[in-house]
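The values are calculated or read from the model by the stated rules, or taken from the named source; none is laboratory data. Small disclaimer: the values here were computed from a predicted structure and weren't measured. Positions of Cβ are generated from backbone atoms using ideal geometry, with glycine treated the same way; all protein chains shown enter the neighbour counts.
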Amino acid sequence: MKKIIFDTDIGGDCDDTGALAIIHQAQNNGLCELLCVSISTADPWAPACTDAINRYYGHNVPIGQTPIAPEGDVTMEMILGGYGYGKHTAETFGSDYLPGGTKKAEDAVRLLRRTIAENTGEKITLMVIGSCMNFGRLLESGADDISCKTGIELVREQVGLVSLMGGLFLDGNAQLNMPELPGEYNLRTDIRTAKVVFEKCPVPIAISHFTVGDPIFSGTSIIESEPDSPVRESYLHHVNGKRNSWDPISAFYAVYGCGDGVFTNNRRGKVTVDDRGVTAFYEGEGGNMHVLIDCHDNTAAEIALDKAMVGKF
């Protein structure tokens, strides 16, 4: 049984909820265990949205949140603009984590340190599908009352794989010569910690990059078959239908790997992040610690993701 830590910027784009559905359904099928959820946005409704989804699937999961808003986080702008789904989902389904409620999310890095330090046996798969703030700060963390080990030491000993959504990779690293290109959103949101992650992470990172997830749309299965689901409500409120699959691919890979050839992981090498948040991939370099998740059949991927979201893959 795989062990999953789910680090997310839930509340901004609804594909985070589709990814969380995949993990919960896999747990209900005996394939994995969700150890905790850490939130990488300062959205005050994000913990309640997360909790509502966790409880829908029958799981009581520890929740942490960054106390520091990532520099490029636009989640609050989305809420004020009326098109963020996190507040709507939290208020619709209710939670003790609502602002002013009886529960408060723990500091994300403390939750991550404790969860990893207490792990035994099977190594953890750590998903990062928002900014790199929580994971980067974890890697930078030192010994404390939780563990005498540094964050890098804890990750090296107890994490087997990082499944991360982020990055935009153009053929021939052409983006390096395109000063107007801002870089992919997740990594651009907190560039400093994105650089920390790709420079210092001591375990392999599998990357669901922007290009692979952009043409693949998923969420139809939940919308059509689960009328009481907070995930369905999130998709309908945010985009009124299915959505690009950037984050669900990361979740799928964390549990199912390539899924009998639905995805591929042949491009291995080294990823760098520059001061603009722009990524470059150097195949065959850096000990092949970074792998790009690719897809040769978008239709097959959409079917697989939709099946995984309702526990039928």
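Overview of values
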| read-out | value |
| --- | --- |
| Residues of region 200-224 that turn out to be in contact (Cβ under 8 Å) with a residue 24 or more places away in the chain and either assigned to a loop (DSSP other than H, G, I, E, B) or not hydrophobic (A, V, I, L, M, F, W, C) (or both), as a count | 16 |
| Selected residue (criterion: farthest from the chain's Cα centre (by Cα)) from residues of region 145-169 that are hydrophobic (A, V, I, L, M, F, W, C) and in a loop (DSSP other than H, G, I, E, B) | CYS148 |
| Qualifying residue in region 215-222 (condition: buried (at least 22 other Cβ atoms within 10 Å of the Cβ) and at positive phi) | yes |
| Residue ranges of strands (runs of 3 or more DSSP E) in region 248-313 with at least 3 members surrounded by 17 or more Cβ atoms within 10 Å (Cβ to Cβ) and of a type outside the set (Phe, Trp, Tyr) | 263-273, 290-295 |
| Residue satisfying condition, being under 22 Å from GLY11 (Cα atoms), among the β-branched types (Val, Ile, Thr) and modelled with pLDDT of 95 or more, within set VAL155, VAL109 | VAL109 |
| When residues of region 14-43 are limited to those that are among the polar types (S, T, N, Q) and over 11 Å from the mean Cα position of the chain (by Cα), the one modelled with the lowest pLDDT | THR41 |
| Selection from region 192-234 of residues that are of a type in the set (A, V, I, L, M), within 25 Å of TYR85 (Cα to Cα) and touching a strand residue (DSSP E or B) at 6+ places or on another chain (Cβ under 8 Å) | VAL212, ILE216 |
| Selection from region 100-117 of residues that are buried (at least 21 other Cβ atoms within 10 Å of the Cβ) and within 13 Å of PRO67 (Cβ to Cβ) | ALA105, ALA108, VAL109, LEU111 |
| Sole exception among (1) buried (at least 19 other Cβ atoms within 10 Å of the Cβ); (2) under 23 Å from SER250 (Cα atoms) for TYR97, by number | (2) |
| Identity of the residue in region 22-67, among the polar types (S, T, N, Q) and touching a Leu at 6+ places or on another chain (Cβ under 6 Å), that ends up surrounded by the most Cβ atoms within 10 Å (Cβ to Cβ) | SER38 |
